[in-house]
Amino acid sequence: MGYAFSRDDVAHLGSAAGAAALAEVDSLALTPACLLRDLERIRRSHGDRAAALVETVRLRRRATAKLAAAREWLFTDDALQQATPTAVARHRAERLRGRSVHDVTCSIGAELAELARVCPAVIGSDLDDVRLSIAAHNLSNARNVLLAKADALRPVSTAEVVIADPARRADGRRTHDPAKLQPPLPDLLAAYAGRDLAVKCAPGLDFDKLAWAGEIEVASLDGAVREACLWSPGLAEAGVTRRATVLSSSRPPEILTDAEPDDIPEREPGDWIIDPDGAVVRAGLVRHYAAKHGLWQLDPRIAYLTGDTVPDGMRGFRILDRMDFREKPLRAELHRRDCGPLEILTRGVDLDPDALRAKLKPRGKQPHSLVITRIGKTATVFLCDTP
Ligand SMILES: C[S@@+](CC[C@H](N)C(=O)[O-])C[C@H]1O[C@@H](n2cnc3c(N)ncnc32)[C@H](O)[C@@H]1O
């Protein structure tokens with residue numbers, strides 16, 4: 001939950017006096033070991049403002065991993081958790097470059113900031129007054145952004161594109177039920193029927209149930225799947241219904257769509273096993289990824305790929321041995337190889353890697369990886385080098 005900021009807090013934190021106080025608080029460690037002492041000191045100089053100051057500094061520190069402007073921005077705990085990471089928001093904004101866009105659930109403005117860089121006119125609206133006042137602070141340098149209080153379910157602008165990011169938590173819990181989002185997804189889609197619309201959703205959404213007529217883009221950042229974005233038909237690329245966007249802080253993005261070929265050979269495993277990025281798996285583009293990189297599947301129903309080379313930037317597991325999965329012979333083989341730290345990947349088999357590791361007792365010195373999966377009907381283990 002975190003500290004409940006008021007609009008008065010936001011006004012103070014955004015003032016020159018607030019900025020000076022935040023700089024002072026930021027010079028303190030605020031680690032668990034010294035928090036009490038630091039708090040006492042802050043209370044002596046800032047009285048009732050202490051809680052808002054400390055919370056803001058801690059949120060800013062946490063936000064640096066996610067948001068480019070973290071050091072200048074204001075947040076609430078929930079709003080920071082819900083904010084789209086800069087890299088993902090920037091990618092979405094690029095797709096909308098040059099258009100006028102209305103973000104109808106703008107919160108503290110993480111999407112607005114990226115839209116403002118590439119779109120001539122941007123509107124942000126939300127129902128939450130505190131978040132809107134924080135957005136006003138966070139976007140005070142953006143001249144092309146207009147903020148307003150409005151219900152997303154009552155269209156109020158004629159912007160070319162509407163984007164929305166319904167809140168994923170109801171009663172403090174994550175939900176995958178589209179009707180329980182705030183605002184509810186079915187109501188949102190009905191409110192903007194026929195308009196160009198992009199809606200950020202949880203990646204766990206049941207795509208088949210939704211029967212979406214446009215494009216669904218699944219995006220990951222640094223290996224973690226972050227979201228699925230529904231693009232209405234007018235914003236989708238011709239012939240594309242699924243897209244995987246693999247974003248990285250250190251490499252150019254890899255983008256794959258279902259308009260690309262997915263013909264791959266059926267062959268015995270090659271030298272390597274490759275576990276494709278979660279965005280590729282979630283978007284249902286494992287075969288397309290394999291075709292693009294000269295790989296093939298270990299089994300047609302399983303998302304592990306194999307080949308004789310490893311695509312750039314991917315972890316590859318070099319296969320040393322392959323056997324049917326039985327614990328006793330596997331334990332003996334690991335012992336023979338002086339196997340130590342053991343990474344265990346499983347797919348298509350009902351196994352708990354931690355429980356299995358405890359039973360296999362790998363006490364040697366050589367790190368190894370096990371890829372355990374189903375080939376046809378047979379549970380099979382590939383003993384691999386650890387990449
Ligand atoms: C997940 S957050 C959006 C986060 C934002 N995309 C960002 O990156 O910072 C959802 C927002 O929707 C707002 N909201 C919920 N129901 C709404 C409604 N009916 N109309 C407008 N905003 C609404 C909430 O106040 C919240 O700020």
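The values are calculated or read from the model by the stated rules, or taken from the named source; none is laboratory data. On a predicted model such as this, the values are computed, not experimentally measured, just so you know. All Cβ positions, even for glycine, are placed from backbone atoms using ideal geometry, and neighbour counts span all protein chains on display. Please note that ligands, DNA and RNA were not included when accessible areas were found on the heavy atoms of the full protein model with its side chains. Shrake-Rupley method; radii C 1.70, N 1.55, O 1.52, S 1.80 Å.
Miscellaneous remarks
- Residue-count net charge about ARG337 - beta-carbon cut-off 13 Å; Lys, Arg +1, Asp, Glu -1: 0
- Cα gyration tensor shape for region 61-153, rounded if a/c is under 1.5, else prolate or oblate: oblate
- Mean projection area, nm², convex hull over Cα of region 126-221: 7.6 nm²
- Probe 1.4 Å, protein heavy atoms only - accessible area per residue of the chain in square angstrom: 49 Å²
- Atom-type composition of the exposed protein surface of the chain places 50 percent of the accessible area on carbon and sulfur (1.4 angstrom probe).
- HIS12 contributes an accessible area of around 40 Å² to the protein surface, as traced by a 1.4 Å probe with all chains present.
- Cα long-axis angle, helix 327-336 against the chain (0 to 90 degrees, to the nearest 10): 90 degrees
- Sequence of LYS180, LYS200, LYS66 from largest to smallest accessible area, 1.4 Å probe: LYS180, LYS66, LYS200
- With the biggest extent put first, the Cα atoms of region 1-70 measure 30, 27, 24 Å across the principal axes.
- The label point for THR309 and the one for LEU35, both projected 7 Å from the Cα toward the Cβ, are 5.1 nm apart.
- Taking Cα atoms only, the orientation of helix 86-95 departs from the longest principal axis of the chain by about 90 degrees.
- Cubic angstrom per residue, convex hull over Cα atoms of the chain: 166 Å³
- Between helix 129-138 and the chain there is an angle of about 80 degrees, using the helix long axis and the longest principal axis of the Cα atoms.
- Counted over region 48-205, the DSSP beta bridges are approximately 15% antiparallel.
- The length gained on full extension between LYS361 and ARG62, counted as 0.36 nm times the residue separation minus their Cα-Cα distance, comes to 103.9 nm.
- With 0.36 nm allotted per residue and the present C-alpha distance subtracted, the SER250-ALA11 stretch has 82.4 nm of extension available.
- Antiparallel DSSP beta bridges within the chain, as percent of all bridges there, nearest 5: 60 percent
- Whole-number percent relative contact order across region 276-387, with pairs defined as alpha carbons under 8 Å at least 6 apart: 28 percent
- Region 1-66 versus region 245-318: alpha-carbon centroid distance in Å: 46 Å
- Length-normalised contact order of region 87-128 in % [C-alpha pairs under 8 Å, at least 6 apart]: 46 percent
- The mean sequence distance of close C-alpha pairs (under 8 Å, at least 6 residues apart), as a share of the length of region 166-307, puts its relative contact order at 17 percent.
- Stretch gain in nm, segment LYS180-ARG117, where the contour uses 0.36 nm per residue and the Cα spacing is subtracted: 19.4 nm
- Annotation: region 165-261 has a Kirkwood hydrodynamic radius of 14.2 angstrom, from the mean reciprocal C-alpha pair distance.
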